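Can you keep this structure in mind? I'll have questions shortly.
The values are calculated or read from the model by the stated rules, or taken from the named source; none is laboratory data. Quantities reported herein were computed from a predicted structural model and do not represent experimental measurements. Glycine gets a Cβ as well: all are built from the backbone with ideal geometry, and neighbour counts include every protein chain shown.
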Amino acid sequence: MFPVTVTEITDETESIKVLRLVSVDGTPLAPYPAGAHIDVTGPTGITRPYSLCGPPQDTGAYTIAVKREENSRGGSQALHDKVEPGTRLAVGTPRQLLGLAPEAGEHHLVAAGVGITPLLAMAYELSTNGAEFRLHYVARDRAEAAFADLIEGSGFADRAVFHFGLGREAAAEALAVELAALPADAHVYTCGPQGFMDQVAALATRTLPEDHVHRELFQAGDFVTGGDSFEVELDTGEVYTVPPDKSIAEVLEENGVPLDTSCREGICGTCVLQVIEGEPDHRDHCLTAKEKAAGDQIAACVSRAKSPRLVVELW
């Protein structure tokens, strides 16, 4: 984590603020690929991941959009209520869990609500590279659609299709038409609520293989407790018991084992460990379907074990 200064705050909608962050000494920030995110520690000390939504080639600032969540645990509310131009925040270097497939012949970006953020950065990059793409944006109405004006005034306005105010069923029907009969080399990227992304994936996989559909979860569910206890063994030999009401990360921390964590909700991927032996019970939203099927990684903050013991490698 390193310090940045908030230089500009824009009320993009009634519930979404856009923050522009620059380095405290004015030096360029680390470049990032489209779809990347950063961890942001707000005034209350809570760290949450936020997608970078500015042009990836702009190393002068990081731009994030923060939606005020009604059931916020203090992260989004603090960034809305306690931050103003001049405020210093701590952020992590950009990390990418959702990225553009270089082999794709066509790219179809499908966003709902604040899920537009990582896909907006992708649209910037695809437009700059002259790639073939389409951006679909679903929202209840235009007033709730962050960056709608920006997209209409952008160099890729002719690639954008707005689906505003249609209602859930009508929006699904419109997307079904747009995603029908995609070419075999097309890739689909989606971000928004879990149900929306599931729906987009179901539509896209009518004609595309599952590994051509990429998703970014913007909001996690609650950590699910319960099930059986199991053991986690470190590659250095220590063995600890993980009870039903605690996560692997909590048990390791209680025993003085250093482990990087951030969101604690299975979104950011900071706490992912390598699995040497055993079968993970994946409950995260950061590993891809292919990575989960391989079974050699686990998100220590939310996932558990199907086998009596997991052997993991910390570094």
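One line per residue, one yes/no per condition, for (1) over 22 Å from Ile46 (Cα atoms); (2) of a type in the set (Ser, Thr, Tyr); (3) surrounded by 15 or more Cβ atoms within 10 Å (Cβ to Cβ):
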site	(1), (2), (3)
Thr236	yes, yes, no
Thr241	yes, yes, no
Pro258	no, no, no
Cys263	no, no, yes
Cys271	no, no, yes
Pro280	yes, no, yes
Asp284	no, no, yes
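Need at least 2 residues that are touching a residue at least 24 places away in the same chain (Cβ under 8 Å) and under 24 Å from Thr93 (Cβ atoms) per element, so show me which strands (runs of 3 or more DSSP E) inside segment 225-311 make the cut, counting only ones lying wholly within it. Outline the logic, then answer.
On the way: elements: 230-234, 239-242, 272-277, 297-299.
Because the criterion is at least 2 residues that are touching a residue at least 24 places away in the same chain (Cβ under 8 Å) and under 24 Å from Thr93 (Cβ atoms), the strands (runs of 3 or more DSSP E) in segment 225-311 that meet it are 272-277, 297-299.
Now, a different point. Could you tell me which residue of segment 80-93 is surrounded by the fewest Cβ atoms within 10 Å (Cβ to Cβ), considering only residues that are closer than 28 Å to Ala123 by Cα and over 15 Å from the mean Cα position of the chain (by Cα)?
Ranking the candidates gives Pro85 first.
Could you tell me whether segment 185-195 includes any residue that is modelled with pLDDT of 95 or more, more than 26 Å from Ile64 (Cα to Cα) and not assigned by TED's automatic domain parsing to the domain that holds Glu291?
yes
Keeping to segment 75-98, report how many residues are small (Gly, Ala, Ser) and closer than 24 Å to Leu119 by Cβ.
Qualifying residue count for the region: 3.
If you don't mind, there's one more thing I want to ask. Give segment 5-21 a look and list any residue that's within 30 Å of Pro102 (Cβ to Cβ) and either of a type in the set (Val, Ile, Thr) or surrounded by fewer than 20 Cβ atoms within 10 Å (Cβ to Cβ) (or both), or say none.
Correct list: Val18, Arg20.
Every residue, every condition in (1) in the same structural domain as Arg20 (by TED's automatic domain parsing); (2) over 22 Å from Gly153 (Cβ atoms); (3) crowded, with 17+ Cβ neighbours inside 10 Å, yes or no:
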| residue | (1), (2), (3) |
| --- | --- |
| Gln57 | yes, no, no |
| Ala61 | yes, no, yes |
| Val66 | yes, yes, yes |
| Ala78 | yes, yes, yes |
| Ala111 | no, no, yes |
| Thr117 | no, no, yes |
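Regarding His136, is this residue in the same structural domain as Gly167 (by TED's automatic domain parsing) and in contact with a strand residue (DSSP E or B) (Cβ under 9 Å, 6 or more places away or on another chain)?
yes
So, Phe164, is that one touching an Asp or Glu at 6+ places or on another chain (Cβ under 9 Å) and either touching a residue at least 12 places away in the same chain (Cβ under 8 Å) or among the β-branched types (Val, Ile, Thr) (or both) or not?
The answer is yes for Phe164.
Can you confirm whether Glu14 is of a type in the set (D, E, K, R), over 19 Å from the mean Cα position of the chain (by Cα) and assigned to a strand (DSSP E or B)?
The answer is no for Glu14.
Can I ask one more? Give me the strands (runs of 3 or more DSSP E) completely within segment 45-111, filtered to those with at least 2 residues that are within 18 Å of Ile16 (Cβ to Cβ), ordered by residue number.
Of the strands (runs of 3 or more DSSP E) lying wholly inside segment 45-111, those with at least 2 residues that are within 18 Å of Ile16 (Cβ to Cβ) span 47-51, 62-67.
I've got another one for you. Just to check your reading of the model, which residue among Glu132, Glu84, Glu103, Glu152 is acidic (Asp, Glu) and closer than 23 Å to Val40 by Cβ?
Glu84
Test each condition in (1) touching a residue at least 60 places away in the same chain (Cβ under 8 Å); (2) in a loop (DSSP other than H, G, I, E, B) for Asp39 and report the one that comes out false.
It fails just one condition, (2).
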